[in-house]
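Chemist: This structure is in structure tokens; I'll ask about it shortly.
The values are calculated or read from the model by the stated rules, or taken from the named source; none is laboratory data. All of these numbers come straight from a predicted model, not from anything done at the bench. A quick note on method: Cβ atoms are made from the backbone with ideal geometry, for glycine too, and the neighbour counts reach across all protein chains shown. The protein model used for the area step is the full one, side chains on, heavy atoms only, and it has no ligands, DNA or RNA in it. Shrake-Rupley method; radii C 1.70, N 1.55, O 1.52, S 1.80 Å.
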Amino acid sequence: MRSMSERPNLPPCVINCAAYSRDGARRDISLEAISDALAVDEGGFVWVGLYEPDEHTLDLLQEEFGLHDLAVEDARKAHQRPKIELYGQSLFIAIHTAQAADRHIRFGETHLFVGPRYLVSVRHGASTSYAPARARMEREPALLRHGPGAALYAVLDLAVDDFVPIVEEFNLALNALEQNIFAEDFRKNTVQELYDLKRELTHLRMAVGPMQDILGQLARSRDGLIDGEIQLYFRDVLDHTVRINESTDTLREMLTAAVSVNLALVTARQGEIVKRLGAWAALLAAPTLVASWYGMNFIHMPELEGRWSYPVLLGAVALVCTVLYRMFKRARWL
């Protein structure tokens, strides 16, 4: 393997350009040397990694590999829906990638051109480098002998694995918010955070869901680009994708339930406050009624002439208030 200093001069958008022989040996090459490398080693293939390439680089790769115009046009514009399309003897695959940062998901895209003797990955936006996938394949030359199909498996497996920590992080975030839901004091931002989490998970669901169809087609492909042994590996990645998708759906359902529970608790607490206010209002209404009766300034009121009228009146008011208080206390309004 060449050292970094021996690597050919590549444009900034080209992260990697290497030719792999049939036995898995790697040789870094320039874009212009792709055709020569393929001609020298008929059993090898070329793996090119790009990040937001310019038009000149894509035009050069189109010429070297004979890429279809429609596929190259999609790779230029990005903002494609996840899909897999067959153009003659090559595949074009578009997937969505994601990275989590402070309970927010940044999405990107990866476009893959797969042919009998090449794999080209084009990354846009938030996407981790596929260098770990290349390093993994170089450590497993027996798997790398299966050609571009094995490299495609490594890339898709890494892309799916990137979804796992996002789901775990959002699961922890939901557990933390559940503590706020059942807190004694109402926190307005709890509902906002729950809504934000559900929105992010909905977007994640839109990225993960189509991966099942793509991997399912690759696992059942009969176009000759992917041999039967590698298809077993795609089935394993498909299984991981299904589990992630199910976990995402479960989290979304739990978030919906959490929002409903939060609103129900807020309504219940408001009802308790209204009941307490009503009970205290009733307790104050009894003495207020008596005081208003004596505040009418009538002269002929027999009870005004009695010696014990005032103490009896106070006792009667206290008795009424005591009875009302015990009734409300028994009804748990106080």
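Chemist: Return yes or no: is Leu67 assigned to a loop (DSSP other than H, G, I, E, B), open to solvent by 10 Å² or more (accessible area, probe 1.4 Å) and among the aliphatic types (A, V, I, L, M)? If you could, list the steps in order and put the result at the bottom.
Modeler: Numbers: assigned to a loop (DSSP other than H, G, I, E, B): yes; open to solvent by 10 Å² or more (accessible area, probe 1.4 Å): yes; among the aliphatic types (A, V, I, L, M): yes.
Against the criterion (assigned to a loop (DSSP other than H, G, I, E, B), open to solvent by 10 Å² or more (accessible area, probe 1.4 Å) and among the aliphatic types (A, V, I, L, M)), Leu67 qualifies.
Chemist: Please go through region 27-67 and give me each residue that is free of Cβ contacts under 8 Å to residues at least 24 places away in the same chain and among the acidic types (Asp, Glu), ordered by number.
Modeler: If the condition is that a residue be free of Cβ contacts under 8 Å to residues at least 24 places away in the same chain and among the acidic types (Asp, Glu), then Asp36, Asp41, Glu42, Glu55, Asp59, Glu63 are the ones that fit.
Chemist: Is it the case, given these coordinates, that Val317 is open to solvent by less than 100 Å² (accessible area, probe 1.4 Å), touching a helix residue (DSSP H, G or I) at 6+ places or on another chain (Cβ under 6 Å), over 30 Å from Ile181 (Cα atoms) and at pLDDT below 80? Walk me through it before giving the result.
Modeler: Working: open to solvent by less than 100 Å² (accessible area, probe 1.4 Å): yes; touching a helix residue (DSSP H, G or I) at 6+ places or on another chain (Cβ under 6 Å): yes; over 30 Å from Ile181 (Cα atoms): yes; at pLDDT below 80: no.
When the stated conditions are applied, Val317 does not pass them.
Chemist: Taking the residues in region 217-247 that are in contact with a Ser or Thr (Cβ under 9 Å, 6 or more places away or on another chain) and part of a helix (DSSP H, G or I) as candidates, determine which candidate is farthest from Ala154 (Cα to Cα).
Modeler: Step one: filter region 217-247 for residues in contact with a Ser or Thr (Cβ under 9 Å, 6 or more places away or on another chain), giving 225, 231, 234.
Remaining after also requiring part of a helix (DSSP H, G or I): 231, 234.
Details: Gln231: 12, Phe234: 9 Å.
Only one residue fits best here, namely Gln231.
Chemist: In region 243-281, what residues are of a type in the set (Gly, Ala, Ser) and surrounded by 15 or more Cβ atoms within 10 Å (Cβ to Cβ)?
Modeler: So the first thing to find is which residues in region 243-281 are of a type in the set (Gly, Ala, Ser), and the list is 247, 257-258, 260, 264, 268, 271, 278-279, 281.
Matches in region 243-281: Ser247, Ala258, Ala279.
Chemist: Residues in region 8-26 that are within 17 Å of Leu152 (Cα to Cα), in contact with a Leu (Cβ under 7 Å, 6 or more places away or on another chain) and either in contact (Cβ under 8 Å) with a residue 40 or more places away in the chain or in a loop (DSSP other than H, G, I, E, B) (or both): how many? Working first, answer last.
Modeler: So in region 8-26, the residues within 17 Å of Leu152 (Cα to Cα) come out as 15-22, 24, 26.
Narrowing further to those that are in contact with a Leu (Cβ under 7 Å, 6 or more places away or on another chain): 15, 17, 20, 24.
With the extra rule that they be either in contact (Cβ under 8 Å) with a residue 40 or more places away in the chain or in a loop (DSSP other than H, G, I, E, B) (or both), the set shrinks to 15, 20, 24.
Of the residues in that region, 3 qualify.
Chemist: Tell me, which helices (runs of 4 or more DSSP H) lie completely within region 109-196 with 3 or more residues that are modelled with pLDDT under 85 and over 23 Å from the mean Cα position of the chain (by Cα)?
Modeler: Details: elements: 131-139, 141-144, 148-161, 163-181.
Output list reads 141-144.
Chemist: Could we say that Leu201 is within 13 Å of Ala98 (Cβ to Cβ), surrounded by 14 or more Cβ atoms within 10 Å (Cβ to Cβ) and among the aliphatic types (A, V, I, L, M) here? Don't jump to the end; show me each part of the working.
Modeler: Details: within 13 Å of Ala98 (Cβ to Cβ): yes; surrounded by 14 or more Cβ atoms within 10 Å (Cβ to Cβ): yes; among the aliphatic types (A, V, I, L, M): yes.
Yes.
Chemist: For the structure I just gave you, tell me whether Tyr233 is modelled with pLDDT of 85 or more and of a type outside the set (A, V, I, L, M). So that I can check it myself, show each step before the final result.
Modeler: Values: modelled with pLDDT of 85 or more: yes; of a type outside the set (A, V, I, L, M): yes.
For Tyr233, the condition - modelled with pLDDT of 85 or more and of a type outside the set (A, V, I, L, M) - is met.
Chemist: In region 232-276, what count of residues is obtained for those that are farther than 22 Å from Ile214 by Cβ, touching a residue at least 60 places away in the same chain (Cβ under 8 Å) and more than 15 Å from the chain's Cα centre (by Cα)?
Modeler: Looking only at region 232-276, we keep the residues that are farther than 22 Å from Ile214 by Cβ, and these are 250-251, 253-276.
Filter again for touching a residue at least 60 places away in the same chain (Cβ under 8 Å), leaving 251, 254-255, 258-259, 261-263, 265-266, 269.
From the residues that got through so far, the ones that are more than 15 Å from the chain's Cα centre (by Cα) too are 258-259, 261-263, 265-266, 269.
Number satisfying all stated conditions: 8.
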